[in-house]
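For reference, the structure discussed in these notes is given below.
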Amino acid sequence: MHDVLLKVDRLEAWYGESHILHGVGFEIGRGELVTLLGRNGAGKTTTLRSIMGIVEKRQGSVRFDGQETVGRPSDTIARLGIAYCPEERGIFSSLSVEENLLLPPSVKPGGLPMSEIYGLFPNLEERRRSQGTKLSGGEQQMLAIGRILRTGANLLLLDEPTEGLAPVIVQRIGEIIRQLKQRGFTILLVEQNFRFAATVADRHYVMEDGRVVDMIEASDVTQSVDKLHNYLGV
Amino acid sequence: MLDIFSIPLPALFGQLLLGLINGAFYAMLSLGLAVIFGMLNVINFTHGAQYMLGAFAAWLMLTNLSIPFWAALVLAPLVVGLFGVVIERLLLKRIYHLDHLYGFLLTFGLALVIEGLFQWKWGSSGAPYPAPIPGGYNLGFMFMPAYRGFVVVAALVVCLATWYGIERTRLGAYLRAATENPTLVRAFGINVPRLITLTYGLGVALAALAGVLAAPIQQVSALMGTNLVLVVFAVVVIGGMGSIMGSIVTGFGLGLIEGFTKVIYPPASNTVIFVVMALVLMVKPAGLFGQTK
Amino acid sequence: MTNQRFIFAAGLIVLALVGPFFVYPVFLMTALCFALFACAFNLLLGYAGLMSFGHAMFFGLGGYLFGYVVKTAGLPPEVGLLAGVAGAALLGLVTGALAIRRQGIYFAMITLAFAQMVYFICVQAPFTGGEDGLQGIPRRALLGGLIPIENDRALYYVVLAIFLFGFAAINRFIHSPFGQVLKAIRDNEQRALSLGYEADRYKLLAFVLSASLAGLAGATKAMVLQFATLTDVSAGMSGEVVLMALVGGLGTVLGPVLGAFVIVAMQNYLASFGEFVLVIQGSIFVVIVMAFRKGLVGEIGDWWRARQKAG
């Protein structure tokens, strides 16, 4: 691979006593869109949280743009240019929509200006004075994505952005993710919804029991459908 | 003479003004407690001692360094706030992961140490602090000492400024967000531990500011905050800690109720706030402005 | 293990019986009163998960009622003790019913506030003697002259019996089905509720029992020291009992007893330091919360188990 932006190597992570990741390894090139697939409990979310530095204990190596991040607190990791959109969306109820959007401080030049973010998500502009958690599920998801585009971070970690949303909205989020890739964002997407993942990603890593067990290029997906079904238990 | 319930009007207004002044202190102190609790999950028992430290700092500045009241109004909260920062960094920081009760016990112990040291050095009888604004105004129905009027206005301004800072500024948004989900706020690149330290420092400075304002009204003494903090706990239970505006309204309101009680049935004036607390617990256990958890 | 435990208990009983021949009996009696007080506090914290920061209201009220009944009304001391228990139980019923509507830190603040209210009432009420308190409460013989208590050593055995009665009552309660339900509520209130237990009734009963025993401790202390004052009903006293339980070990059976003896002894030795005692007490709070949260009994227990393992 040419220009590696994120390289994860022998990554292990623990929650309390339970050992969740057992030596995860993969890499993402600059400008790529890569997914982590796998069943519930395979360790996908924990991998994102470990990259972000918000698990209790981790070991191994996560290099971002050549810099080691294991051992650093999450705020300094964020300031290197990694932004995180959690599975539960994490919209703050005591903040308005606009305050939610403005919350993450900018960490690098080159983030999207507010006008472009509102261009991508017109609903958010209409409702910018509402309480963040008063939005619909789809709008909250858009808010959670929109909020990390402003900061100048160039690696986006998106955890199941389509979960529990209506098909029309899933489609819309797919379009937005493709647009973000075109704009040069590098994206690591965690998905259960393989059909959705197949429409957007360059490559797929498959996780099982806290390890990466396979890698499938987007071009090989059609030949590998049976294998994938087996991995994902569909 | 004009009276209500056969009480002379000047006496009524005099007591209501006193109530308003007490209410101003309740509001400032419960506000600080609520902000600190939101971020640190610690009920700051040291709040009363820090209020006393504010008053003492102003008094020591005046008597030893001839620093006038107006300068002390800024300097004393700064000094005491920095002291708060040290406490947070050295002690409180290490117990956030424990049950809330440990924070309560730790700050209770600190209050004993601070109040004990001051009582040991300066005794428990108070020292007077000269009123920085002499004189007063005859309002027709009562005489209003100028400084007391100033205290009410100043406290109101401080409370509203705190409300504005928390509800309307970027730093306030960080604070509200970190109260809800500190892990995520930190993952956005905000140094949450520093934010927590800052919040504690600000809450403590607010208590110290109340102490400086109180110095010319009350005697400056080691134990001036001991009973006050207990009343403020009741205020916090009555208001609930969910809302900043709620703390302010509850504080001033209870001060007025206390003043009014002093007029109609003086023996109950010490206990009326606790009676209100009992009533609120019966009707709305989460507090007037609190959310049920 | 059982054998060791038996020897340990027997040793304690022998110590308690011969104690007044070696140590000043009034000191032992005061310590026993505080030990009972601390056990009552610990019952609520350890087995209902409720930390009361206002237990002085029951302790102080018990003392005042004893003083009033014995000195002012001229009735025998057993009536005074009963009055102390009954008064504290009633106060516990009223304040407990309100306080258990909130949990955790709010519960602590609410009990503290109620205790402050009781304090203010005691300052003003006619039967407490205000700032002076009740002084010179006579030591009349118990049970119509059967047991004279003028002599300190004789009184000591009465106090020891009262303490053992309270201590046994607490242990009986903890090991009863009622106590088991209480523990289940402490560990998971939602589950206990879904099993059909009315959690609030169990908590209230524990609160009333704890208040009654604190009242008994306060009344007994007034009988021993022959006075009842505002100190016993003040917030400082509420803090002191927390300190005793904390020093000994929160939620352990013997911890509060040991803690009470340590703190009472410390106060005797440090009496000449005046206000500085506050500083020392506060420092102990800080040190224990920061470094020895298990208290003496907990830390000694850990050390003992580690030694057993090693040996």
Can you list residues whose amide H is under 5 Å from A:TYR84's amide H, if they're 5+ apart or on another chain and H is modeled 1.01 Å from N? A:LEU157
I want to verify the translational diffusion coefficient of region C:22-234 in µm²/s; compute it with Stokes-Einstein, Rh as the Kirkwood radius over Cα pairs, at 37 °C and 0.692 mPa s. 189 µm²/s
In Å, the Kirkwood hydrodynamic radius of region C:198-246 over pairs of distinct alpha carbons? 12.3 Å
Nearest-0.05 FRET efficiency for A:SER130 and A:TYR15 at R0 = 35 Å, using Cβ-Cβ distance, is 0.50
Which three numbers, in whole Å and largest first, are the semi-axes of the equivalent ellipsoid of region A:118-197 derived from its Cα gyration tensor as √(5λ)? 19, 16, 11
Checked against a 30 Å limit on the C-alpha separation, the offending pairs among A:LYS44/B:LYS93; A:LYS7/A:LYS108; B:LYS93/C:LYS221; A:LYS44/A:LYS181; A:LYS57/A:LYS181 are A:LYS44/B:LYS93; B:LYS93/C:LYS221; A:LYS57/A:LYS181
Cα convex hull of region B:1-119 - mean projected area over all directions, nm²: 10.9 nm²
Taking every other residue with Cβ under 14 Å from the Cβ of B:GLY172 and scoring Lys and Arg +1, Asp and Glu -1, one gets -1
Around C:TYR202, what is the net charge, scoring Lys/Arg as +1 and Asp/Glu as -1 over all other residues with Cβ under 12 Å from its Cβ? +1
For B:ASP99, placing the label point 7 angstrom along Cα-to-beta-carbon and taking region C:188-204, residues whose amide nitrogen sits under 14 Å are C:188-189
Karplus 3J(HN,Hα) series, Hz, for region B:96-108 with 6.51 cos²θ - 1.76 cosθ + 1.60 (x for Gly, Pro): 4, 7, 8, 3, 3, 5, 5, x, 4, 5, 4, 6, 4
Return the tail of the calculated pair distribution for region B:10-50, meaning the percent of Cα-Cα pairs more than 11 Å apart. 67 percent
When all alpha-carbon pairs of region A:1-66 are counted, what percent fall beyond 18 Å? 34 percent
Calculate for chain A the 222 nm mean residue ellipticity that helices alone would give, adding -39,500 (n - 2.57) per DSSP H run of length 4 or more and normalising by residue count, nearest 500 deg cm²/dmol. -9000 deg cm²/dmol
HN-Hα J in Hz across region A:20-27 - Karplus 6.51, -1.76, 1.60, θ = phi - 60°, x for Gly and Pro: 9, 9, 10, x, 7, x, 6, 9
Could you tell me which trypsin sites (Lys or Arg not before Pro) in region A:85-157 are loop residues by DSSP with no more than 13 other beta carbons within 10 angstrom of their beta carbon? A:ARG129
Correct semi-axes for region C:156-256, from √(5λ) of the alpha-carbon gyration tensor and rounded to whole Å with the largest first, are 29, 16, 13
Tell me the Rg and the Dmax, in Å, that the Cα atoms of chain B produce. 19.3, 67
One quarter of the convex hull surface, Cα atoms only: what value does that give for region B:216-255 in nm²? 3.3 nm²
Filtered trypsin sites (Lys or Arg not before Pro), region A:172-234: DSSP coil and at most 16 other beta carbons within 10 Å: A:ARG183
For region C:178-311, rounded, prolate or oblate, judged on the Cα gyration tensor with a ≥ b ≥ c (square roots of eigenvalues), a/c < 1.5 rounded, else prolate if a/b > b/c? oblate
extent check for region B:160-264: Cα max minus min per principal axis, descending, whole Å, gives 55, 27, 22
To the nearest 0.05, the calculated FRET efficiency linking A:ARG63 and C:LEU143 through their beta-carbon distance, R0 being 56 Å, is 0.10
Can you pull the Kirkwood radius for chain A, inverse mean 1/r over Cα pairs, to one decimal in Å? 18.0 Å
Who wins for biggest fluctuation among A:GLY16, A:GLY81, A:GLY41 in a Gaussian network model of chain A, springs between alpha carbons below 10 Å? A:GLY16
Fewest-first sequence of A:LEU33, B:LEU53, C:LEU160, B:LEU279 by Cβ atoms within 10 Å of each Cβ: B:LEU279, C:LEU160, A:LEU33, B:LEU53
Within the protein assembly as shown, what percent of beta bridges assigned by DSSP are antiparallel, to the nearest 5? 65 percent
Per the Kirkwood treatment, what hydrodynamic radius in Å, one decimal, follows for region A:100-234 from the mean inverse distance over all distinct Cα pairs? 16.3 Å
Can you tell me the alpha carbon radius of gyration of the protein assembly as shown divided by the globular rule-of-thumb value 2.2 N^0.38 Å? 1.12
Quick query: amide H of A:ASP214 versus all other amide H atoms, modeled in the peptide plane; which residues come in under 5 Å with a sequence gap of 5 or more or a different chain? A:VAL206
Taking region A:83-141, which GluC sites (Glu not before Pro) meet the DSSP loop condition and have no more than 16 other C-beta atoms within 10 Å? A:GLU87, A:GLU88
Just to verify a number: FRET efficiency for C:PHE276 and C:LEU164, C-beta to C-beta distance, R0 = 35 Å, to 0.05? 0.50
Give me, ordered by chain and number, the residues 5 or more places off A:ILE20 or on other chains with an amide H under 5 Å from its own placed amide H. A:ALA13, A:TRP14, A:TYR15
Can you pull the semi-axes for region A:28-144, root of five times each eigenvalue of the Cα gyration tensor, sorted largest first, whole Å? 28, 17, 14
Kindly write out, for region C:69-82 in residue order, the coupling ³J(HN,Hα) from the Karplus curve 6.51 cos²θ - 1.76 cosθ + 1.60 (θ = phi - 60°), rounded to whole Hz, with x marking Gly and Pro. 5, 7, 8, 6, 8, x, 8, x, x, 5, 5, x, 4, 4
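Coordinate-derived values only; no laboratory data. Please read these numbers as outputs of a predicted model, since none were measured by experiment. Cβ: placed from backbone, ideal geometry, glycine included. Neighbour counts: every protein chain shown.
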